[in-house]
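Written below as structure tokens is the structure these notes are about.
The values are calculated or read from the model by the stated rules, or taken from the named source; none is laboratory data. As the structure is a prediction and not an experimental result, all values here were calculated from the model. Methodologically, a virtual Cβ is constructed for each residue, glycine included, from the backbone with ideal geometry; neighbour enumeration extends over all protein chains shown.
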Amino acid sequence: MGGTKSVNLEKVRALRPTHVIVNVDENTKDAADALARFAPNVIVTHPLAPDDNLALYRQIGSAFGRQHEAELLCRKFEEEFLKVKANRYPGRKVLYLIWKDPWMTVSRDTYVSRTLALVGLHTLPEAADARYPKLEDLNVPGAEQVLLSSEPYRFREGHRQELQRQLRLPVRLIDGEMTSWYGPRAIAGLRYLSVFAAA
């Protein structure tokens with residue numbers, strides 16, 4: 001369909017969808033407005049924190065007449081969320097990288113940062129002008145650890161070793177789907193992060 005930033009409207013129109021789900025971070029407003037001209041139901045999502053998943057499940061469940069299934073997901077999420085909240089994690093300041101050339105990270109005003117904070121991983125910089133800031137220099141003051149996400153850029157072991165030599169900080173690979181994919185996957189994400197943060 002052309003990708004999130006460059007939706008092929010004609011391909012979508014040809015499918016004659018009754019519902020289209022868009023996201024504020026992933027899709028442009030122009031694309032959402034264009035979709036709304038031919039799709040009867042455009043569902044706009046924008047979760048900014050882990051517990052926003054509850055509203056998201058109910059929003060999607062209601063749109064598709066699946067309220068019962070949505071409530072089951074809510075219960076599963078709440079169980080994992082409460083387990084995570086009940087644990088104590090060592091607080092660490094981390095640089096979470098999502099892109100290379102240019103280097104990019106996440107601001108604290110993002111779903112990723114708020115999800116990581118649940119398990120004591122506090123992203124740097126503490127303040128940023130953009131939600132996904134570009135970095136000229138990876139020597140960010142206060143960073144205790146660098147996390148290399150598996151998506152949207154696919155960081156690999158070679159990147160980890162190179163940056164660890166360069167920065168002289170612990171550098172770890174982290175599953176980006178478990179930190180940034182809201183919806184049903186967020187339940188598994190909470191379990192994953194609880195184990196990741198304890199290591």
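Annotations for the structure displayed:
- Residue match in segment 95-109 (condition: on the phi > 0 side of the Ramachandran plot and not aliphatic (A, V, I, L, M)): yes
- Assessment of segment 32-53 against the conditions (within 24 Å of Tyr111 (Cβ to Cβ) and in contact with a Cys (Cβ under 6 Å, 6 or more places away or on another chain)) yields no matching residue.
So that you can scan it fast, the table gives a plain yes or no per residue for (1) more than 21 Å from the chain's Cα centre (by Cα); (2) in the same structural domain as Ser107 (by TED's automatic domain parsing); (3) at pLDDT 95 or above:
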| position | (1), (2), (3) |
| --- | --- |
| Gly3 | no, no, no |
| Thr18 | yes, no, yes |
| Val24 | no, no, no |
| Asn53 | no, yes, yes |
| Leu56 | no, yes, yes |
| Ile60 | no, yes, yes |
| Gln67 | yes, yes, yes |
| Leu73 | no, yes, yes |
| Lys76 | no, yes, yes |
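- Selection within segment 107-130 - in contact with a Phe, Trp or Tyr (Cβ under 8 Å, 6 or more places away or on another chain) and β-branched (Val, Ile, Thr): Thr110, Val112, Val119, Thr123
- Cross-chain or 6+ apart pairs with Cβ under 7 Å, segment 77-91 first and over 13 Å from Ala198 (Cβ atoms), then of a type in the set (Val, Ile, Thr) and surrounded by 16 or more Cβ atoms within 10 Å (Cβ to Cβ): Phe77/Ile187; Glu80/Ile187
- Among helices (runs of 4 or more DSSP H) entirely within segment 91-199, having at least 3 residues that are surrounded by fewer than 17 Cβ atoms within 10 Å (Cβ to Cβ) singles out 157-167, 185-198.
This table checks each residue for (1) among the acidic types (Asp, Glu); (2) closer than 25 Å to Arg156 by Cα.
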position	(1), (2)
Arg75	no, no
Glu79	yes, no
Trp103	no, yes
Thr115	no, yes
Val119	no, yes
Pro125	no, yes
Tyr132	no, yes
Asn139	no, yes
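- Residue in segment 103-111 that is touching a residue at least 60 places away in the same chain (Cβ under 8 Å), within 24 Å of Pro50 (Cβ to Cβ), of a type outside the set (A, V, I, L, M) and touching a Pro at 6+ places or on another chain (Cβ under 9 Å) present: yes
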